[in-house]
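Colleague: Could you have a look at this structure, given as structure tokens, before my questions?
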Amino acid sequence: MTNFHTSKQINAPLSKVWDIMSNIDNDPEYWRGTKSINNIRKSENTIEREVVIAFRNSVCKETVSLEPMKSITTVITEGPIKGKKTVILHSEAEDQTVVDVEWEIKVKGIMALFSGIVKKHILEGTEAALDRISRAV
């Protein structure tokens, strides 16, 4: 299992950051490694979905749980990568939100040979997504 973390302070109220980040159907707009999303099932704050990722157009199955104004947890259950991405939001001040992203992943198959490169790619993609979200608010 590979664990890594990144964080970004966004100069906007928590509610505005949450509005963008919790609209997970728009993930491809911010998280460029996500090419498309097909929601299979939605119930309150839990969504089961199939996601096509940039690596060879691979399909991952995910369960996303939203805890309003606090966190988004994505559990990747099938695909070339398995594991979890946890996004936690909290206010530092009235117009400052800190977004922490924690990854716990296991790379499968041939990709396991390149797990260091995969980790670097996901980390850079996460930082770029947080930059795009910051600009959007």
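The values are calculated or read from the model by the stated rules, or taken from the named source; none is laboratory data. What you are looking at is a predicted structure, and each value in this text was computed from that prediction instead of being measured. No Cβ is skipped: glycine too gets one built from the backbone with ideal geometry, and neighbour counts run over all protein chains shown.
Colleague: Go through (1) among the hydrophobic types (A, V, I, L, M, F, W, C); (2) assigned to a strand (DSSP E or B); (3) touching a Phe, Trp or Tyr at 6+ places or on another chain (Cβ under 9 Å) for VAL64 and report which single condition fails.
Modeller: (3)
Colleague: Can you tell me which residues in the stretch 61-106 are of a type in the set (A, V, I, L, M, F, W, C), touching a Gly at 6+ places or on another chain (Cβ under 6 Å) and at pLDDT 95 or above?
Modeller: Residue satisfying the conditions is ILE76 alone.
Colleague: Test each condition in (1) touching a residue at least 40 places away in the same chain (Cβ under 8 Å); (2) touching a Lys or Arg at 6+ places or on another chain (Cβ under 8 Å); (3) not hydroxyl-bearing (Ser, Thr, Tyr) for MET21 and report the one that comes out false.
Modeller: So the condition that MET21 fails would be (2).
Colleague: Conditions: (1) of a type outside the set (Phe, Trp, Tyr); (2) out of contact with any His (no Cβ under 9 Å at 6 or more places or on another chain); (3) touching a residue at least 60 places away in the same chain (Cβ under 8 Å). VAL101 meets all but one. Number of the miss?
Modeller: The number of the failed condition is (2).
Colleague: So, GLU92, is that one among the acidic types (Asp, Glu), part of a strand (DSSP E or B) and either touching a His at 6+ places or on another chain (Cβ under 6 Å) or touching a residue at least 60 places away in the same chain (Cβ under 8 Å) (or both) or not?
Modeller: yes
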